[in-house]
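Here's the structure we're looking at; comments come further down.
The values are calculated or read from the model by the stated rules, or taken from the named source; none is laboratory data. These numbers come from a predicted model, not from an experiment. Every residue, glycine among them, receives a Cβ derived from its backbone with ideal geometry; neighbour counts consider all protein chains shown. Ligands, DNA and RNA are stripped out before the accessible areas are found, and what is left, the full protein with its side chains, is counted by its heavy atoms. Shrake-Rupley method; radii C 1.70, N 1.55, O 1.52, S 1.80 Å.
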Amino acid sequence: MSSTVYLNGDWIAPEHAKVSVFDRGFLFADGIYEVVPVYSGKPFLLELHLARLYRSLREITITVADDAFWHELVRDLIERNNYGDANGLIYIQVTRGAEASRAHLPGNSLTPTVFATISPLAIHWDQPAPARVTLLEDIRWLRCDIKSISLLGNILLKQQAASVGAVEPILHRDGLITEGASSNFFAVHNGELFTAPKNHLILPGISRDWVIELAHEAGIRVHEEPFKVADLPQLDELFLTSSSREVQPIGQIDDIIIADGQCGPVTAILIEAFHASKRRLLNSRR
Ligand code: PMP
C-alpha cells in the first residue's frame, strides 16, 4: 500500500483520498487505467505504458496534461513512497470527472479525475510452475483495446474460472481465442509462436509486445493471427503474459494436458529472455 497517493494535484494519505459520488468513474465506469511495473525503483517499459495510456485517453476523448506531467508523476510516486530499491506496481486511473447530476452524455467542461498509487510487487527470477486455465466464452464488449476501468465482464469470467480451480479464463469468440481476462495468450507449435492479432478484441498488452520482441531476438518466428479453439489439443506449449505475471506457462487447459504439464522449451527460452531484460534494466543507470 502506498503511504501517499496522488489525487488531482495533491499527495495525500490513502485513507484521505476521496472522490465525489458524482464522479463519472463511480457512476458509469467512464474512465481508463494503466499499470506500470517498477523493478528496484526503475519503471519497466515506461514509454510503452505511457503510449498506451495516451492512446486510451485519446480513444475516450479525455485530454490530460503532457508527457512531462506523467513522467514526473511516476518519479514522484516512487520517491515519495520510498520505492527507490523496491519492486512495485504503479496504478494510474483517469476518469472523465464529476458533474452536478447523473447524465449519460457528459458535459463539455469536465475536469478529469487523476489518481495514482503504488503497491508492492513480488518479482520472480525462477521458472513459474505451469498453471491450470479454463476456456470460457468471451462475454466482454467490443472495445477490449481500450484499458477501460469497466471490468465487470472480466470479473465475472475470473469468478467463473476460480470456481473450477483455474487461475485464469482463456476467452474465445466465434471459435477463435482472444486473450485471458487479465493477460494475453500465446501458443507454440513446431517451434513457432502464435498469438491473436492486435485489434478491438484484445488489450494490446505491453508484455505481449515485449515477448514478441524477445522472440524475434531469439530467432523464433511469430504469427500474430487468429487461431481456433479447435486447434488447442494440437498445440505444443501455451503461456500467458502480463505485467504482473510476466511469462506464465500453462500446464493444463480444462481436461487437456499441455506439454506433459511441464514448462515447454520455447516458453523456457522466453522466460529466461524476460529475466535477462529485467536484469539489463537493473544494471542500467537510473
Ligand atoms: N489483457 C487484459 C484483458 C489485461 O487486463 C491485461 C493486464 N492488464 C493484459 C492483457 C496484459 O497487459 P500487460 O502486459 O500490459 O500487463
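What the table below lists for this structure:
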| item | result |
| --- | --- |
| Euclidean distance of C-alpha centroids, region 182-241 and region 108-180, integer Å | 16 |
| In degrees, nearest ten, helix 206-217 long axis to first principal axis of the chain (Cα) | 40 |
| Percent of beta bridges antiparallel (DSSP, the chain, rounded to nearest 5) | 80 |
| Value of [θ]222 nm, deg cm²/dmol, for the chain, DSSP H segments ≥ 4, -39500 (n - 2.57) each, nearest 500 | -8500 deg cm²/dmol |
| Long-range lysine pairs (8 or more apart or interchain), the chain, Cα under 19 Å | 4 |
| Nearest-20 debye value, the chain charge dipole, Cβ charges on Lys, Arg, Asp, Glu | 640 |
| Area of Lys198 that stays accessible when all protein chains are in place (1.4 Å probe, Å², to 10) | 100 |
| Protection proxy ranking of 35-44, 224-233, 71-80, 100-109 - average other beta-carbon atoms within 10 Å, highest first | 35-44, 71-80, 224-233, 100-109 |
| Order of exposure, largest accessible area first, which applies to Leu156, Leu27, Leu193 with probe 1.4 Å | Leu156, Leu27, Leu193 |
